[in-house]
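Novice: Can you keep this structure in mind? I'll have questions shortly.
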Amino acid sequence: MPTLKTSVLGIDFENPFILASAPPTARIDSIDKAFTLGWGGAVLKTITPDNLEMIEASQRYAAWKNGNRVCGFENIELLSHLTVQQWLDGIEFLRRKHPTKVQIASIMAPVVKDEWQTLVRTLNDAPIDAFELNFSCPHGMPEKGIGMAIGTNAEISAMITSWVKEVAKKPVFVKLSPNVTNIAEIAKAVENTGADGISAINTVQSMMGVDLDTFVPMPNVNGKSTFGGYSGVSVKPIGLRCVAQIRQNSDLPILGIGGISNWHDAAEYMAVGADAVQVCTEVMINGYAVVRAMKQGLLDYLESKGFTSPADLKNKAIANLSAHEKLDKSKQVYPHINDELCVKCLKCVTVCDESEHSALSLQNAHIEVNRGNCVGCSLCSHACPKSAIIMK
Ligand SMILES: Cc1cc2nc3c(=O)[nH]c(=O)nc-3n(C[C@H](O)[C@H](O)[C@H](O)COP(=O)(O)O)c2cc1C
């Protein structure tokens with residue numbers, strides 16, 4: 001039988017599913033509950049110096065739903081409202097009650113050496129396993145020159161990492177923003193000044209929508225809005241790309257984050273380089289108990305592939321990533337229509353017609369493929385409402 005146990009920078013994870021720094025890790029009693037329900041660890045809601053003002057807006061969330069499913073989630077929430085002392089007491093309590101669970105202290109401070117180092121020194125002797133530097137919150141904080149304002153600047157990111165590394169007694173992960181042109185460059189910059197690992201990604205800067213009666217963008221905060229951070233299942237492709245790009249350029253351990261809602265998503269992150277994963281929005285929408293199916297699903301998958309632990313899965317897809325110019329373009333796939341599923345709605349014919357190729361037509365109650373016109377793009381298979389088309 002495989003195990004879910006994994007080790008990152010000498011930190012033992014009983015399973016690779018940890019809670020991301022966010023509302024599910026904002027209270028000590030709720031982290032206690034999450035550990036009891038099976039999470040392998042938690043990144044605490046970002047801790048700041050006590051004098052950093054945190055005034056929250058109401059409402060602070062907006063969602064994009066497909067039916068009942070929340071596909072994308074936007075927030076304009078700030079950081080932890082607990083004092084540093086409350087965290088110190090809470091970390092102690094959690095360590096005593098859950099000695100095997102990983103606790104990572106997410107921290108953020110103004111761009112002042114002494115502020116960062118004081119925060120690190122205060123937390124250094126607490127029973128945490130690592131630090132995570134939040135260089136990536138895209139709302140509220142950048143206006144103060146911190147959060148994403150740090151993570152979008154390689155030089156400042158590298159400088160703060162070196163300040164923290166001068167005094168930190170625990171490994172240091174740097175949590176990066178996807179809102180940059182080249183995330184691997186920022187990862188390399190912080191690696192060069194001592195980062196021990198990378199967490200990626202934080203939220204994607206976004207605007208959820210606009211109310212066309214009032215013309216107030218969402219979320220509406222007493223008649224005004226601001227840009228927020230996008231998360232949930234719809235950001236997974238962005239997170240995967242970021243993690244893969246970091247992995248292509250660095251061997252540092254990576255905690256993969258972004259749109260993970262089940263074991264499959266987690267396994268994909270591992271295949272492109274993540275050592276373990278963090279989850280936020282899925283827990284906010286469906287509760288801590290989602291971890292049970294995640295753990296069982298990953299365990300079953302590892303067994304089905306003959307892997308002994310998550311470490312065996314790590315980086316498995318990286319060798320199959322290439323530059324576009326190096327892809328083998330000598331072979332082509334074609335659509336195959338399953339007549340039992342096809343309802344002859346002709347949507348595939350329409351989209352093929354109107355998106356360049358006109359390769360499909362209805363003939364004798366069957367969708368025919370004109371191989372001369374078909375370029376194997378796969379659009380028809382994605383547009384089919386009955387999943388009746390596969391590409392072979
Ligand atoms: C409401 C909310 C609050 C968050 N607060 C923090 C925070 O305090 N610190 C931090 O590093 N990330 C914060 N995040 C970002 C998450 O940790 C995570 O990086 C992001 O949501 C992507 O993961 P997900 O798709 O699983 O939610 C927050 C996310 C949400 C939705």
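Novice: Determine the gain in length on full extension of the stretch residue 241-residue 112; use 0.36 nm per residue of separation and subtract their C-alpha separation, reporting nm with one decimal.
Specialist: Extra length from residue 241 to residue 112 when fully extended: 43.2 nm.
Novice: Further question: Rounded, prolate or oblate: pick one for the chain, where a ≥ b ≥ c are the square roots of the eigenvalues of its C-alpha gyration tensor, a/c under 1.5 means rounded, and failing that, prolate if a/b is larger than b/c, else oblate. Show your work: numbers first, answer last.
Specialist: Numbers: a/c = 1.94, a/b = 1.64, b/c = 1.18.
Verdict is prolate for the chain.
Novice: Right, next: Could you please rank 230, 269, 288, placing first whichever residue has the fewest other Cβ atoms within 10 Å of its Cβ? All intermediate terms of the calculation are to be shown ahead of the outcome.
Specialist: Details: 230 25, 269 30, 288 19.
Neighbour counts put them in this order, fewest first: 288, 230, 269.
Novice: Say the dipole of the chain comes from +1 at the beta carbon of Lys and Arg and -1 at that of Asp and Glu; which of 208, 111, 8 then lies farthest toward its positive end?
Specialist: Going by the Cα projections, it comes out as 8.
Novice: Then there is this: Using the alpha-carbon atoms, what tilt in degrees (0 to 90, nearest 10) does helix 113-124 show relative to the longest principal axis of the chain?
Specialist: It works out to around 90 degrees.
Novice: How much length would be gained if the chain were fully extended between residue 251 and residue 336, taking 0.36 nm per residue of separation minus their Cα-Cα distance, in nm to one decimal? Mind showing how you got there, number by number?
Specialist: Working: separation 85, 0.36 × 85 = 30.60 nm, distance 4.11 nm.
In short, 26.5 nm is gained.
Novice: Okay, next question. At a Cα cut-off below 19 Å, give the lysines reachable from residue 65, other chains included and same-chain residues fewer than 8 away excluded.
Specialist: In chain and number order, the partners are 236.
Novice: Report the Cα centroid-to-centroid distance between the stretch 317-376 and the stretch 1-61 in angstrom, as an integer.
Specialist: For the stretch 317-376 versus the stretch 1-61, the Cα centre distance is 44 Å.
Novice: Beta carbons within 10 angstrom, averaged per residue: use that to sort the peptides 136-147, 380-391, highest first. Don't jump to the answer; show the numbers that get you there.
Specialist: Details: 136-147: 21.1, 380-391: 16.1.
Per-residue Cβ counts within 10 Å, averaged per peptide and sorted highest first, yield 136-147, 380-391.
Novice: Considering Cα pairs under 8 angstrom that are at least six residues apart, work out the relative contact order of the chain and quote it in whole percent.
Specialist: For the chain, the relative contact order is 15 percent.
Novice: Please compute the length gained on full extension between residue 89 and residue 303, using 0.36 nm multiplied by the number of residues separating them and subtracting their Cα-Cα distance.
Specialist: Result for the pair: 73.0 nm of gain on full extension.
Novice: What is the dipole size for the stretch 247-392, taken about its Cα centre, with +1 at each Lys and Arg Cβ and -1 at each Asp and Glu Cβ, in debye to the nearest 20?
Specialist: 140
Novice: Follow-up question, since we're still on this one. Once you list every other residue whose beta carbon is under 11 Å from the beta carbon of residue 226, what net charge do they have if Lys and Arg are +1 and Asp and Glu are -1? Intermediate values should be presented prior to the final figure.
Specialist: Details: positive: 60, 224; negative: 74, 143.
Cβ neighbours under 11 Å give a net charge of 0.
Novice: At a 4.7 angstrom Cβ threshold, list every cysteine in the chain that has nobody to pair with, or say none.
Specialist: Those would be 71, 137, 242, 280, 342, 345, 352, 374, 377, 384, since no other cysteine Cβ in the chain comes under 4.7 Å of theirs.
Novice: Counting helices only, and only those DSSP H runs with n ≥ 4, report the 222 nm mean residue ellipticity of the chain as the sum of -39,500 (n - 2.57) divided by its residues, in deg cm²/dmol to the nearest 500.
Specialist: The per-residue figure over the chain is -9000 deg cm²/dmol.
Novice: Using +1 at the C-beta of Lys and Arg and -1 at the C-beta of Asp and Glu, which of 355, 239, 57 has the Cα lying farthest in the positive direction of the dipole of the chain?
Specialist: The residue sitting most towards the positive pole is 355.
Novice: Which net charge results for the neighbourhood of residue 391, defined as the other residues with beta-carbon distances under 14 angstrom from its beta-carbon, given Lys and Arg at +1 and Asp and Glu at -1?
Specialist: Overall, the nearby charge balance is +3.
Novice: How large is ³J(HN,Hα), in whole Hz, for each residue of the stretch 247-252 in order, when computed from phi with the Karplus curve 6.51 cos²θ - 1.76 cosθ + 1.60 and θ = phi - 60°, using x for Gly and Pro?
Specialist: Whole-Hz 3J(HN,Hα) from phi for the stretch 247-252: 4, 4, 10, 7, 9, 4.
Novice: Could you give the size of the charge dipole of the chain about its Cα centre, using +1 on the Cβ of each K and R and -1 on the Cβ of each D and E, expressed in debye and rounded to the nearest 20?
Specialist: 640
Novice: So how do 123-131, 339-347 stack up, highest first, on mean other-Cβ count within 10 Å? Don't jump to the answer; show the numbers that get you there.
Specialist: Details: 123-131: 18.7, 339-347: 12.3.
Highest-to-lowest ranking by the protection proxy: 123-131, 339-347.
Novice: Quick one: which residues, 5+ away or cross-chain, put their amide H under 5 Å from the amide H of residue 279? H built at 1.01 Å from N.
Specialist: For residue 279, whose amide H was placed from the backbone, the distant partners under 5 Å are 18, 19, 20.
Novice: On to the next question. Just want the answer: with Cβ charges of +1 for Lys and Arg and -1 for Asp and Glu, which residue in 365, 180, 271 is farthest toward the dipole's positive end in the chain?
Specialist: Sorting the options by dipole projection puts first 365.
Novice: In degrees from 0 to 90, rounded to the nearest 10, what is the angle of the helix 290-305 Cα long axis to the longest principal axis of the chain?
Specialist: The answer is roughly 60 degrees.
Novice: Sort 173-186, 191-204, 86-99 by the packing proxy (mean of other Cβ within 10 Å over each peptide's residues), most packed first.
Specialist: Result, highest mean Cβ count within 10 Å first: 191-204, 173-186, 86-99.
Novice: Further question: Using modelled amide H (1.01 Å from N, peptide plane; none on Pro or chain starts), what sits under 5 Å from the amide H of residue 132, excluding residues fewer than 5 places away?
Specialist: Placed amide hydrogens put 105, 106, 107, 173 under 5 Å from residue 132.
Novice: Could you give the dipole magnitude of the stretch 332-391 about its Cα centre, charging the beta-carbon of Lys and Arg +1 and that of Asp and Glu -1, in debye to the nearest 20?
Specialist: 80
Novice: If you don't mind, there's one more thing I want to ask. Tell me which aspartates and glutamates have Cα within less than 14 Å of residue 144's Cα, excluding those fewer than 8 residues away on the same chain?
Specialist: By straight Cα distance, residue 144 reaches 53.
Novice: Taking a ≥ b ≥ c as the square roots of the Cα gyration tensor eigenvalues, with a/c under 1.5 meaning rounded and otherwise prolate when a/b beats b/c, else oblate, which class fits the stretch 99-146?
Specialist: Working: a/c = 4.26, a/b = 1.63, b/c = 2.62.
Taking the square roots of the gyration eigenvalues as a ≥ b ≥ c, the stretch 99-146 is oblate.
Novice: Identify all aspartates and glutamates with a Cα-Cα distance to residue 386 below 14 Å; exclude those on the same chain that are fewer than 8 residues away in sequence.
Specialist: 339, 340
Novice: Could you tell me which of rounded, prolate or oblate describes the stretch 332-391, using a ≥ b ≥ c as the square roots of the eigenvalues of the alpha-carbon gyration tensor, with rounded for a/c under 1.5 and, failing that, prolate when a/b is larger than b/c and oblate otherwise? Show your work: numbers first, answer last.
Specialist: Numbers: a/c = 1.41, a/b = 1.32, b/c = 1.07.
Rounded shape, in that the Cα axes give a/c under 1.5.
Novice: Hey, another quick one. Could you give each residue of the stretch 339-346 its phi-based ³J(HN,Hα) in whole Hz, using Karplus coefficients 6.51, -1.76, 1.60 with θ = phi - 60°, and x for Gly or Pro?
Specialist: 5, 6, 8, 5, 9, 6, 6, 6
Here, each number is a calculation from the coordinates, and none is a lab measurement. Computed from a prediction, not measured in an experiment: that's the story for all the values here. A quick note on method: Cβ atoms are made from the backbone with ideal geometry, for glycine too, and the neighbour counts reach across all protein chains shown.
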